[in-house]
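A.B. asks: Take this structure, written in structure tokens, and hold onto it; I'll ask about it next.
Each reported figure results from applying straightforward, stated rules to the coordinates on display, with no laboratory input. Everything numeric in this text was worked out from a predicted model, so none of it was measured. Note that we place each Cβ from the backbone using ideal geometry, even for glycine, and neighbour counts take in every protein chain shown.
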Ligand code: S3P
């Protein structure tokens, strides 16, 4: 999948007029795969957590430490409204794993969403995060694997409402990106 192929890529009618949203647990690969998909489609890549940090002038961990999850979720919704709302360019949009839990986030978009669930097993997610679970407040504790399993139990029904699911455990980021591009070209 070469970036140069992007300009002429023909998206399905549905994907063409929609934000392409990548959903999944922490460690699913959203932030790694997203830029590859964005390059292939010739769209901007939006990493919602990075946008929140930039606007707040604080890291995600600091936001949680100072204002708790409530403040983080408020930032998440406000930035979603700005980045998917009226006037926002169609993008490849990668929110944090908990974005699906607030139905107002999806509703904030001014355009349809074309959503892809990057499915990952909890043990693979932990391996991909390689000790960086500390940076994720919801996983920062003695047993991050158990926390990921709990999040999956709570969220999987929501993730599975996506337009498509890609099971990523055995795939490289490039393979996942190519699958997503193929789905969007549908
Ligand atoms: C969260 C996941 C994180 C980040 C925040 C909350 C979650 O993003 O948004 O720590 O609720 O699962 P990643 O999914 O990119 O790790």
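A.B. asks: I'd like the FRET efficiency for residue 143 and residue 55, computed as 1/(1 + (r/R0)^6) with the beta carbon distance as r and R0 of 41 Å, rounded to 0.05.
C.D. replies: Once the sixth-power term is evaluated, E becomes 0.80.
A.B. asks: To continue, here is another question. For the chain, set up a Gaussian network in which alpha carbons nearer than 10 Å are linked by springs, and say which option among 170, 151, 23 fluctuates the most.
C.D. replies: 170
A.B. asks: To the nearest 10 degrees, how steeply does helix 173-185 sit against the main Cα axis of the chain, on a 0 to 90 scale?
C.D. replies: Its long axis makes an angle of about 50 degrees.
A.B. asks: Rounded to two decimals, what is the ratio between the C-alpha radius of gyration of the chain and 2.2 N^0.38 Å?
C.D. replies: Normalised Rg, Cα atoms only: 0.99.
A.B. asks: Under the definition of Cα pairs under 8 Å and six or more residues apart, what whole-number percent is the relative contact order of the stretch 74-186?
C.D. replies: Worked out over the stretch 74-186, it gives 28 percent.
A.B. asks: So what's the gap between the Cα centers of the stretch 149-164 and the stretch 36-70, to the nearest angstrom?
C.D. replies: Each part's Cα centre sits 21 Å from the other's.
A.B. asks: Sticking with this one: Semi-axes, largest first, in whole Å: what does sqrt of 5 times each Cα gyration tensor eigenvalue give for the stretch 88-179? Display every interim value, and only then the final one.
C.D. replies: Working: eigenvalues 112, 58, 32 Å².
They are 24, 17, 13 Å, listed from largest to smallest.
A.B. asks: Something else about it: Against the longest principal axis of the chain, how steep is helix 144-159, in degrees 0 to 90 to the nearest 10, with axes from Cα atoms?
C.D. replies: 40
A.B. asks: May I ask for the angle, rounded to the nearest 10°, between helix 60-84 and the longest principal axis of the chain, with both axes built from Cα atoms and the value confined to 0 to 90°?
C.D. replies: Approximately 20 degrees, to the nearest 10.
A.B. asks: How big is the C-alpha Rg of the stretch 34-140 next to the rule-of-thumb value 2.2 N^0.38 Å, as a ratio? Before the final figure, lay out each step's value.
C.D. replies: Details: Rg = 14.3 Å, N = 107, 2.2 N^0.38 = 13.0 Å.
Dividing the Cα radius of gyration by 2.2 N^0.38 Å gives 1.10.
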